[in-house]
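**Q** Sharing a structure with you now.
Here, each number is a calculation from the coordinates, and none is a lab measurement. Please read all numbers here as calculations on a predicted model, not as lab measurements. Virtual Cβ from ideal backbone geometry, glycine too; neighbours counted across all protein chains shown.
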Amino acid sequence: MKLKKILSGWIFIISLIFAVLGFVSFAFDFHFIKINFWTGIAGLLILSGSYYFTSIYYYFKYKSWKFIYLIIFATILIATAAIFIMLPDKINLWKQPLGLFDEPIGAVILKKFVLNQMIAILGVISASIAFAPYYGFGKRFGQRSAYILVYGCIVFTILPLILIIYQIVSNGMMGVTWSFLTGDITYDGVGGGIGPAIVGTLGLIAVVTIIVLPLGVGTAVYLAEYSERGPIVRVIRTAVNILQGTPSIVHGLFGFTVFVPIFGPSLLTAGLTLAILTLPIVIRSSEEALIAVPDEIRDASLALGGTKWQTIKKVVLPPALPGIITGTVLGLGRAAGETAPILFTGAVFFGAGYPDGLFSKFHALPYHLWSLFGYMGYKPVEQNAWSTALVLILIVLGINVTAIILREKFRQRF
Amino acid sequence: MKRKIKEKAIKGVFFGIAFFSVLVIFLIFIFLFYKSAPAIYESMFGDINLLSSKWNVNKEQFGLWAAVYGSIFIALGSLLISFPLGLGASVYMSELAPEKLRAMLKPVIELLAGIPSIVYGFIGAVILGKFIYINYGTLAPNSILAGMLILGIMALPIIVSMSDDALKSVPKDMKDASLALGATKWQTTKKVTIPSAVSGITSATIMGMGRAIGETMAILMVVGSVMRIPTPGFDIFETGNTLTALIASQMGEAAGLHVSVLFTAAIMLFTIVTAMSIISDYLQMRTKRKFEGKE
């Protein structure tokens, strides 16, 4: 028992070292030996050999086939290597240098991906094997290792958000000054500020709100209050769902072909395009808010002699209002950050100034960021681009946080 | 009597408003077809081949295959990242997380979904693309790999929140029955909860993939807009193009048949995404019926 403990402890430490080495060599592109074709194959063979060894060892030790997948994995590795060795040189990607790289592609893949990760995987797997005797091979071991994976998943889901926000805040903060926020766009965005872009985005939000609110709430009222189950409702619902899934660039093309010939590229055109993009979000959340109002209230109003419309206007809509507002605000957050629909419908990079009416061209933050990105590498716009991204993300996340706070505040009134 | 007419009129108005979204979908389809008709006509009776992989505007070669391939390849690649991570995260949120943490995580995931795609693209190009450029020796800071990674991150919130809803909707009785039989929590999750929610999870995955295929700006900034199928086909270190990026990058300076070809690309895109969202909706409805016994 004691020997087993010491043994597994040592295996654990060694495999941890392997895991760290693998990670380091992956992250910093750092190699311990000169990698060419044959050392690569040798590494592969050693790796698969060790997998065979561990699985057979554990079979005899514990009479458990728990690690049979290692054998399968190792066999696949060896088979792949064998195929690559046996292929004639001429068509062998493994040995032929390929356009982009000076070295044979096989060596590149080995170097860049396989070997480093292999070491890391080897480390992790042997660590888990080393731990296995403590928990036994039963269900508790399974649960433990599964939960470790699940924890890893949630961490890697949240991590990007933190990294993105950290990067944008740390890089963009220096540039955000009062003169940047209010200044005009000058010198192709190199100097000056983003005042017109902020105003343009806010104006766009206002236009979208005015258009989308009656349409979205009206549709939701029809779906939630008036509709009986039937083909028409199903058609409307399917249409809303398709509209929700439609790529934003298709919305942009739609605005380009339908609204631009009528209104020209302008704030109104872009607003209409974005309103259609936002519509399904508003419809869905408003419908949910309306359905959440209990039927008893409706019945009470109807029993008192109120008409259907009076009931909706005076009884159903007021309590559903917070939900409707939340949905609309969420939709506006989406609209404020979209670039593709305004590419061809009125957003410009220079010369528009502050918007002076519905039919003027305008600046918008996402489009401004896109244009600055286009200049990166040619002109010193990097700082301005980061700061624009920061302001954009502040506005969009600000809108979203407002919506979430509203929802939490008014949750569960019934 | 007057009142009745008024009520009817109001109902009519609401119906009209509700029908607006149907109208919009209809109009989108009609206008896409109307605008792409010349290209489709040319490809049927003329000498352009929309499905070839040769793209050269000056020679009037309009083969969209490279973009279609890129769209599907990149979306599938992003799925490799977003599906396992998303499923794991949703299992954590629905099964393991304490109520307080869950109440905090849900809004955070929503915020992740709210970050504009242009910001994802910016970060993807400036940081991730550069990292791959330096470490993996790609020809340019743009690569398909960077696109897959960024799209994977972008599709995550949708997959997490929808799968979380699906897992949460599995009745507690079913889980309790499994636990009472002596199964561990993980065994219950693996053998009871996930299989019961499988159509919801599939629907979430399709939805996430739909978003990945429809994504424009991030791809445009990260993948490089080069109309060429990578050789070999699975080479993720090369640049590529997608239908969305193709439209967004070339619409500005297109004229004549070129415009029409771009609209054909939009039709392909719209068809793929619409088919996906219909399948996803159907699966979601099925889950709902299964657990709520509706209809």
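**Q** Put +1 on the Cβ of every Lys and Arg and -1 on every Asp and Glu Cβ in the stretch B:52-291; which of B:Ile279, B:Ala266, B:Ile123 then has its Cα farthest towards the positive end of the dipole?
**A** Toward the positive end, the furthest listed residue is B:Ile279.
**Q** Which one of B:Trp55, B:Pro195, B:Gly147 is farthest out on the positive end of the charge dipole of chain B, using unit charges on Cβ (Lys, Arg +1; Asp, Glu -1) and the Cα centre as origin?
**A** Working it through, the farthest residue towards the positive pole turns out to be B:Pro195.
**Q** Moving on. Going by how many other beta carbons lie within 10 Å of each one, how would you line up B:Lys35, B:Lys8, fewest first?
**A** B:Lys8, B:Lys35
**Q** Can I ask one more? Over 32 Å between C-alpha atoms is what I'm after, so list which of B:Lys54/B:Lys130; B:Lys106/B:Lys290; A:Lys308/B:Lys106; B:Lys106/B:Lys185; A:Lys409/B:Lys2 land there. Intermediate values should be presented prior to the final figure.
**A** Numbers: B:Lys54/B:Lys130 29 Å; B:Lys106/B:Lys290 25 Å; A:Lys308/B:Lys106 37 Å; B:Lys106/B:Lys185 22 Å; A:Lys409/B:Lys2 41 Å.
Table pairs above 32 Å Cα-Cα are A:Lys308/B:Lys106; A:Lys409/B:Lys2.
**Q** Where nothing but the Cβ of Lys and Arg (+1) and of Asp and Glu (-1) is charged, how large is the charge dipole of the stretch B:24-160 around its Cα centre, in debye to the nearest 20?
**A** Values: 7 positive and 6 negative charges, 47 e Å.
Magnitude of the dipole: close to 220 debye.
**Q** Looking at the stretch B:52-291, what % of the alpha carbon pairs are farther apart than 35 Å?
**A** 23 percent
**Q** Order of B:Met162, B:Met104, B:Met93 from fewest to most other C-beta atoms within 10 Å? Don't jump to the answer; show the numbers that get you there.
**A** Numbers: B:Met162 22, B:Met104 11, B:Met93 25.
Fewest-to-most Cβ neighbours within 10 Å comes out as B:Met104, B:Met162, B:Met93.
**Q** Taking every eigenvalue of the Cα gyration tensor of the stretch B:193-295, multiplying by 5 and rooting it, what semi-axes result, largest first, whole Å?
**A** 35, 17, 10
**Q** Percent of alpha carbon pairs in the stretch A:181-413 separated by more than 21 Å?
**A** Here the long-distance tail beyond 21 Å is 60 percent of all Cα pairs in the stretch A:181-413.
**Q** Quick check for me: using +1 on Lys/Arg Cβ and -1 on Asp/Glu Cβ, what's the dipole size of the stretch B:36-104 about its Cα centre, in debye to the nearest 20?
**A** That gives a dipole near 200 debye.
**Q** Normalised by the residues of the stretch A:181-413, what does the relative contact order come to in percent, with Cα pairs under 8 Å and at least six apart?
**A** 28 percent
**Q** Using only alpha carbons, build the gyration tensor for the stretch B:1-157 and give me the equivalent ellipsoid semi-axes, biggest first, whole Å.
**A** Three semi-axes, in Å: 38, 35, 13.
**Q** Right, something else. Let's see if you can work this out: charge +1 on each Lys and Arg Cβ, -1 on each Asp and Glu Cβ, no other charges. What is the dipole magnitude of the stretch A:233-379 about its Cα centre, in debye to the nearest 20? Write out the running numbers ahead of the final one.
**A** Working: 10 positive and 7 negative charges, 31 e Å.
Its charge dipole is roughly 140 debye.
**Q** Right, something else. Fewest first, what order do A:Glu382, A:Glu296, B:Glu42 take by the number of other Cβ atoms within 10 Å?
**A** Numbers: A:Glu382 16, A:Glu296 9, B:Glu42 19.
With the sparsest Cβ surroundings first, the list reads A:Glu296, A:Glu382, B:Glu42.
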